[in-house]
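J.: The structure follows.
The values are calculated or read from the model by the stated rules, or taken from the named source; none is laboratory data. No experiment lies behind these values; they were computed from the predicted model shown. Neighbour counts are summed over all protein chains in view; Cβ atoms, including those assigned to glycine, are modelled from backbone coordinates with ideal geometry.
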Amino acid sequence: MRVAYIRLPLSQLEVGLTVKLPLSWREHPFMLNKIKIKDDAQIALIRGLDIPYVYLVEGEPTADVAIQVPQGEPEPPAAEAVRDPVAETRKAIHASQKQFLQGVSDTRSLYSKLNSDPEGAYRLSATLVEDLMTHLHGSDTPQLALVKVAPNEVNITQHGVSVAVIAMMMGHSLGLAPRELRDIALGCLFHDIGKFKVPDAIRRKRGALNEHETKFMRMHPNFGHEMLERSGLFPAEMLHIVLHHHEYLDGSGYPHGLKGKQIPLLTQIVSLANDYEHQFGNEQVDSPQLALGYLFKHHGAKHSPELLSTLVKVLGIYPPGTLVSLTDGSIAKVVMTTGEAKQPHVLACQPGTGQLALRFLIEEEVQIAQILKREAVSDTLAGRLQLDMGISYYFCAPPA
């Protein structure tokens, strides 16, 4: 038996009613066709859609409404009614995870080919860069998603892909040409390859390096540059990134202490993206949001103010990986940026229930209350939110 829906005139919309729009989801600004009306602003939006009525799903209007949809009148398309943005977003994040891991695997392969088959390594790196470009442009509004890596460890290949993603997002935001984005990507993928010539005892050492070890570690840009330049295959802009990704505007970087305009824009972008990710190993910083704040407070003179602002635009005020409390008492981990810097998508756990939910703060009245440190939550909750996983990023195409 066909359900007889009630058609509700727009003049009788009220807070508290649940209604369904007789439109495709592409034709209105809401996440779903089915809407529980929470305030007058939603009513105003619905009345501005140029439709004569909505379907009443739940609630009792104050006025007596008895206009039913004739039995022969079609309902809104079933596919539109069951659209699930949360499921679609989960699928997009899962795709980002898969693409990230493939990028890491391909980077590992091209590293292994560099000495024995430099031309093969170059071809593979060019293919990987094109994959990154494709994923960057997979949406008109690409976002950053948190991707899973081994607990408490991000290796050289993972770090290279993640820095490439951040730097390319910055370049995209600045309107750089495709050739420049490709040079950034290529430089990032190889920027730390010289570390493989640093002894494991130094490279993997926990805690501060002594003076000798520090000098050796600071040779890794030179080692990488020599390896790549020897092949004669890589562009000068990319080689400059590899050699100078630790140079800073104030001249405090290495290996040559370059200053200001001596550092090209592409290298400046990679230097900042790399500096941000390096803060995750800082004992004073245990949150991506704190890493961002640390850069502004302690490294402000090292980077261009414009690039720092661009980095915030890309990462949001609460970068993915940040542990937060919400104004409704939930504890959450930021998992994806949105077009609103202060309203990311989060994986939230309601205290006392242990239930996890992907939530869109951009669609809720709930806000982020404060940043939390790892020790502020129980080991059980930390395990459910996977707080001990390393932090890396990849492009994410939000559902259209």
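J.: Since Val324 meets every condition but one in (1) buried (at least 18 other Cβ atoms within 10 Å of the Cβ); (2) in the same structural domain as Ala92 (by TED's automatic domain parsing), which condition does it not meet?
T.: (2)
J.: Go through (1) touching a His at 6+ places or on another chain (Cβ under 7 Å); (2) without any contact (Cβ under 8 Å) to a residue 60 or more places away in the chain for Ile368 and report which single condition fails.
T.: For Ile368, the exception is condition (1).
J.: Turning to a different aspect of this structure: Any residue at all in region 139-151 that's surrounded by 15 or more Cβ atoms within 10 Å (Cβ to Cβ), within 20 Å of Gly194 (Cβ to Cβ), at pLDDT below 95 and over 14 Å from the mean Cα position of the chain (by Cα)? First the steps, then the outcome.
T.: Of region 139-151, the ones surrounded by 15 or more Cβ atoms within 10 Å (Cβ to Cβ) are 139, 142-147, 149.
Subsequent filtering for residues that are within 20 Å of Gly194 (Cβ to Cβ) retains none.
Checking region 139-151: not a single residue is surrounded by 15 or more Cβ atoms within 10 Å (Cβ to Cβ), within 20 Å of Gly194 (Cβ to Cβ), at pLDDT below 95 and over 14 Å from the mean Cα position of the chain (by Cα).
J.: In addition: Regarding Leu311, is this residue buried (at least 18 other Cβ atoms within 10 Å of the Cβ) and over 12 Å from the mean Cα position of the chain (by Cα)? Full working, then the answer.
T.: Details: buried (at least 18 other Cβ atoms within 10 Å of the Cβ): yes; over 12 Å from the mean Cα position of the chain (by Cα): no.
Considered against the rule, which asks whether it is buried (at least 18 other Cβ atoms within 10 Å of the Cβ) and over 12 Å from the mean Cα position of the chain (by Cα), Leu311 comes out as no.
J.: Moving on to the next point. Restricting to region 203-213, what's the tally of residues that are within 20 Å of Gly257 (Cβ to Cβ) and either among the hydroxyl-bearing types (Ser, Thr, Tyr) or not in a helix (DSSP H, G or I) (or both)?
T.: Total satisfying the criteria: 1.
J.: Here's something else I'd like to know. Only residues that are touching an Asp or Glu at 6+ places or on another chain (Cβ under 9 Å), touching a residue at least 60 places away in the same chain (Cβ under 8 Å) and closer than 17 Å to Met238 by Cβ: list them for region 270-281, please.
T.: Matches in region 270-281: Asn274 only.
J.: Among the residues in region 283-292, are any modelled with pLDDT of 95 or more, within 18 Å of Val163 (Cβ to Cβ) and out of contact with any strand residue (DSSP E or B) (no Cβ under 6 Å at 6 or more places or on another chain)?
T.: There is no residue in region 283-292 that is modelled with pLDDT of 95 or more, within 18 Å of Val163 (Cβ to Cβ) and out of contact with any strand residue (DSSP E or B) (no Cβ under 6 Å at 6 or more places or on another chain).
J.: Quick one: in region 348-363, of everything that is assigned to a loop (DSSP other than H, G, I, E, B) and in contact with a strand residue (DSSP E or B) (Cβ under 9 Å, 6 or more places away or on another chain), which residue is surrounded by the fewest Cβ atoms within 10 Å (Cβ to Cβ)?
T.: Per the criteria, the residue is Gln355.
J.: For His303, work out the one condition from (1) closer than 27 Å to His94 by Cβ; (2) modelled with pLDDT of 95 or more it doesn't fulfil.
T.: (1)
J.: I'd like the full set of residues that are free of Cβ contacts under 8 Å to residues at least 40 places away in the same chain, part of a loop (DSSP other than H, G, I, E, B) and of a type outside the set (Ser, Thr, Tyr), limited to region 317-347.
T.: Hits for region 317-347 are Ile317, Asp328, Gly329, Glu340, Ala341, Lys342, Gln343, Pro344.
J.: Condition (residue is surrounded by 14 or more Cβ atoms within 10 Å (Cβ to Cβ), among the small types (Gly, Ala, Ser) and touching a strand residue (DSSP E or B) at 6+ places or on another chain (Cβ under 6 Å)) applied to region 377-390: is it met by at least one residue?
T.: Yes: region 377-390 contains one or more residues that are surrounded by 14 or more Cβ atoms within 10 Å (Cβ to Cβ), among the small types (Gly, Ala, Ser) and touching a strand residue (DSSP E or B) at 6+ places or on another chain (Cβ under 6 Å).
J.: What helices (runs of 4 or more DSSP H) lie completely within region 214-303 and have 3 or more residues being within 24 Å of the chain's Cα centre (by Cα) and surrounded by fewer than 18 Cβ atoms within 10 Å (Cβ to Cβ)? Steps first, please.
T.: Working: elements: 220-231, 236-244, 265-278, 288-298.
Output list reads 288-298.
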